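Each value in this text was obtained by applying a stated rule to the coordinates, not by laboratory testing. For clarity, every value in this text was computed on a predicted model and none was experimentally measured. FYI the Cβ positions are ideal-geometry reconstructions off the backbone, even for glycines, and counts take in every protein chain you see.
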Amino acid sequence: MNYYDQHLHTFLSFDSEERFENYLVQQPATFVATDHFDLKNPAHAFQDDIPDYEELLRQQQKFISQPTTFLKGIEIGVVPGQESKIYDYLATYPYDLQLVSIHQNGQFDYMDDIVLTKDKYTIMDEYFQQMERVTEDFKAGHILTHFEYGLRRLDVTSHEVATRYEEQLTRIFKNIIAKNWGLELNAKSFAKYQNAQLYEYAVPLYQNLGGKLFTLGSDAHIASDFRNQFSQMGAMLKKFGVTELALFQNKEIKLVPIPES
Ligand SMILES: [Zn+2]
Ligand SMILES: [Zn+2]
C-alpha cells in the first residue's frame, strides 16, 4: 500500500466548495476526505458545522465504479466541554479516520484577526493549554493536526517556542504517543504560513520522546492542492532519519514508505 493524503476538504466543509470528482480525476488508490466538524464555530457565525454523513455516503456510492477505495474521514475541532456531544456524534456516525484539531476556544478562532489585538504569549499560552488538555482527555481521534495552527497569525520563532513551551510540548507529545495518535506535517503550515521551522524544531522533540507515527496532510480545500508539499515535507522527515509514514484506518495503523513525491 502506498501513502495517501490524510487531510483534505470538500464541499462537505463550511470553507470548501470542492467536488469529489475533481480530486478523483487522478484516480487515487485510496481517497479519504476529512471534512470539518466544529461545534459553535466562531469562523462560521457560531454555527455547528457538522459534515453531512448521508451526503458523504452518496458521494462514495456515486464513484463506486472507480478503482478507488473510499474511507470516511473527519477533522474534529475540539473545545473542552464539547466532548460528550462529539462522542455522541461519532457513536452514530462512524469514521475510519479522525483528525483532532485545535481551531478555536469557544470565543474566537485562533486564525481570527482578533488574535492580532492581543498579547501573543497570552494567545499561545491559551492555545497550548487547550492542546494539552485535549491530548490528555479526548477519547477519540487518530492524528494531531497542524500543531502550530494557533501560532499562524503571530510572529514567533522556534527559539521562542522552545524557550517558553518545550516542557508543555513534551507533555503534549507524550500524550499523543501514549494514545498512538500520529503527528501531522501540514502543507498549509509549510507553504502558506511558512512555519516549516516550527516543524524542524518539533519533529526531533517528538522523536526523542519515542514518537514514530508521522503523517502528511495537504489540508487541501481545492483539488489542485491535493498532496501539496508532500516532497518537501517528506524530505524534512528523511533528514531526521524517518523512513515510514503512518496510515490510520479505524484501530489499525499501517506503516508505509515515504513517497518520492
Ligand atoms: Zn484544521
Ligand atoms: Zn483541515
When both residues are 6+ apart or on different chains and their Cβ atoms are under 9 Å apart, which pairs have a first residue that lies in region 145-159 and is within 26 Å of residue 213 (Cβ to Cβ) and touching a residue at least 60 places away in the same chain (Cβ under 8 Å), and a second that is part of a loop (DSSP other than H, G, I, E, B) and within 11 Å of ligand 1 (Cβ to nearest atom)? 145/7; 145/102; 145/219; 146/7; 146/102; 146/152; 146/219
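One line per residue, one yes/no per condition, for (1) within 16 Å of ligand 2 (Cβ to nearest atom); (2) closer than 22 Å to residue 77 by Cα; (3) within 15 Å of the chain's Cα centre (by Cα):
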residue: 164; (1), (2), (3): no, no, no
residue: 182; (1), (2), (3): yes, yes, yes
residue: 214; (1), (2), (3): no, yes, yes
residue: 242; (1), (2), (3): no, no, no
So which pairs qualify, if the first residue must be in region 201-214 and within 14 Å of residue 233 (Cα to Cα) and free of Cβ contacts under 8 Å to residues at least 60 places away in the same chain, the second must be polar (S, T, N, Q) and assigned to a helix (DSSP H, G or I), the Cβ gap must be under 6 Å, and the two must be at least 6 apart or on different chains? 201/158
Quick one: residue 10 ticks every box in (1) within 14 Å of ligand 2 (Cβ to nearest atom); (2) among the β-branched types (Val, Ile, Thr); (3) under 19 Å from residue 250 (Cβ atoms) except a single one, so which number is it? (3)
With the structure loaded, tell me whether residue 160 is of a type in the set (Asp, Glu), within 16 Å of ligand 2 (Cβ to nearest atom) and over 20 Å from residue 82 (Cα atoms) or whether it fails that test. no
Is it the case, given these coordinates, that residue 109 is of a type in the set (Asp, Glu) and either touching a Ser or Thr at 6+ places or on another chain (Cβ under 7 Å) or over 30 Å from residue 252 (Cβ atoms) (or both)? yes
Evaluation of residue 218 against (1) of a type in the set (Ser, Thr, Tyr); (2) more than 16 Å from ligand 2 (Cβ to nearest atom); (3) buried (at least 17 other Cβ atoms within 10 Å of the Cβ) (one fails), failing number: (2)
Within the set of pairs 6+ apart or on separate chains, which have a first residue in region 78-104 that is under 23 Å from residue 54 (Cβ atoms) and away from ligand 1 (no atom under 16 Å from the Cβ), a second that is part of a helix (DSSP H, G or I) and of a type outside the set (Lys, Arg), and C-beta atoms under 7 Å apart? 93/53
Working only within region 151-181, note down all residues that are of a type in the set (Asp, Glu) and part of a helix (DSSP H, G or I). 160, 166, 167
Pick from region 182-215, criterion more than 15 Å from ligand 1 (Cβ to nearest atom), of a type in the set (S, T, N, Q) and assigned to a helix (DSSP H, G or I), ranking: surrounded by the fewest Cβ atoms within 10 Å (Cβ to Cβ): 208
